[in-house]
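A quick write-up on the structure given underneath.
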Amino acid sequence: MLAAIGLDERQESAYRALVALGAAEVSDLSHRLALPEQDTERALRRLEQHGLAAQSSARTGRWVAAPPGVALGALLTQHRHQLEQAELAAVLLAEEYRADAVEPAVHDLVEVVTGASAVAHRFHQLQLGATSEVCALVTGKPIAVSGLDNESEEEAATRGVSFRVVVEREVLNLESGLVELSAALSRDEQCRVVPRVPTKLVIADGALAMVPLTGRGAEPAALVVHASGLLESLTGLFEAVWREAMPLRLGESGAVLVEPGGPDPTDLEILSLLLAGLTDASVAKQLDLGLRTVQRRVKGLMELTGVSTRLQLGWHAYERGWVAR
């Protein structure tokens, strides 16, 4: 929690313990933290440099905590000032960049990133730099970043960045596919499904895009595209796929309407996955249900809507607001 002001985990634990005790000997603090005395003293020295702790003048070897309201307040003020200076420097550098490149050369509009680590870093950087919206096309074969490793997506969503994501049907058959999609839907991200996406793609704020360059077996590489006609084409590609994709709703996290006496959340999950193109067996596997349970629930929904075919059931599901177009 205090990493933002320069404290590591040990130093923060030492300060918290010292605040709780008011003052303590190194040996007592070391025992409380379950750390060697040498490491405890090193942490205390670091706290002393930050103005968060001091050695007692009345008793040698005893350390006293500085009042958090005063000491942490001063550190926060200092870091805010440093951030303001960094922001100012970033603005000045951006202005200088624009002044020197009013008409950017063609090779400045794209950049090639090579290597799994570099691709993953640039991918996370693109999402963390987004301020309004991230659009993505997702395949079932991640190259450098998997859905479970994509912490930058969660961080961006927490900052209020909206997400529109289209996944291909294969993602739903992955072991972690529904886990990732459920997490995305719980963050109010919009998710849709198509049988197959034309390419992996991520676009941040309509100003920067990233697409893969290599196929299977080759070293991961990607193309980062800046504002240009190519970026407009990639944006148009995403919007075309988005319009044709099927909205995915998974239970209560999808904010679907549930009528009294109508389908329960499990029924809605089954409907959504069937409309996304999965077979009964695949739906049963994804939801950890028996095949007969899935078929029985589908039959119950057909009886509820008074239809005789699954095609009619899909139409009635749309009409009743159980799933979205």
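Contact map, the stretch 270-284: residues that are free of Cβ contacts under 8 Å to residues at least 24 places away in the same chain and under 14 Å from Asn173 (Cβ atoms) paired with residues that are of a type in the set (Val, Ile, Thr) and surrounded by 20 or more Cβ atoms within 10 Å (Cβ to Cβ), Cβ distance under 8 Å, separation 6+ or inter-chain. Pairs shown: Asp280/Val294; Val283/Ile270; Val283/Val294; Ala284/Val294.
Tell me, which residue of the stretch 238-262 that is over 23 Å from the mean Cα position of the chain (by Cα) and either modelled with pLDDT of 90 or more or over 30 Å from Gly306 (Cβ atoms) (or both) is least open to solvent (accessible area, probe 1.4 Å)? Checked the stretch 238-262; the qualifying residue least open to solvent (accessible area, probe 1.4 Å) is Ala240.
The set of residues from the stretch 161-177 being surrounded by fewer than 19 Cβ atoms within 10 Å (Cβ to Cβ) and farther than 14 Å from Lys141 by Cβ comprises Ser162, Arg164. Residues of the stretch 211-231 that are at pLDDT 85 or above, within 25 Å of the chain's Cα centre (by Cα) and over 19 Å from Gly129 (Cα atoms): Pro212, Ala221.
Identify, by number, the condition in (1) modelled with pLDDT under 70; (2) under 30 Å from Leu47 (Cα atoms); (3) not small (Gly, Ala, Ser) that Gln85 doesn't meet. Among (1) modelled with pLDDT under 70; (2) under 30 Å from Leu47 (Cα atoms); (3) not small (Gly, Ala, Ser), the lone unmet condition for Gln85 is (1).
Looking only at the stretch 33-80, residues that are at pLDDT 80 or above, of a type in the set (D, E, K, R) and within 36 Å of the chain's Cα centre (by Cα) come to 3 in all. Does at least one position in the stretch 89-105 carry a residue that is at pLDDT below 80, of a type outside the set (S, T, N, Q), in contact with an Asp or Glu (Cβ under 8 Å, 6 or more places away or on another chain) and surrounded by fewer than 11 Cβ atoms within 10 Å (Cβ to Cβ)? There is at least one residue in the stretch 89-105 that is at pLDDT below 80, of a type outside the set (S, T, N, Q), in contact with an Asp or Glu (Cβ under 8 Å, 6 or more places away or on another chain) and surrounded by fewer than 11 Cβ atoms within 10 Å (Cβ to Cβ). The helices (runs of 4 or more DSSP H) located wholly in the stretch 263-316 that include 2 or more residues which are open to solvent by 30 Å² or more (accessible area, probe 1.4 Å) and more than 18 Å from Ser176 (Cα to Cα) occupy 265-275, 291-305. A search for C-beta distances below 7 Å between a residue of the stretch 64-78 that is open to solvent by 60 Å² or more (accessible area, probe 1.4 Å) and any residue that is at pLDDT below 70 and assigned to a helix (DSSP H, G or I), counting only pairs 6+ apart in sequence or on different chains, returns Leu76/Ile5.
The values are calculated or read from the model by the stated rules, or taken from the named source; none is laboratory data. What you see is a predicted model; the values in this text were computed from it and never measured. So basically every Cβ, Gly included, is an ideal-geometry build from the backbone, and we count neighbours across all protein chains shown. Please note that ligands, DNA and RNA were not included when accessible areas were found on the heavy atoms of the full protein model with its side chains. Shrake-Rupley method; radii C 1.70, N 1.55, O 1.52, S 1.80 Å.
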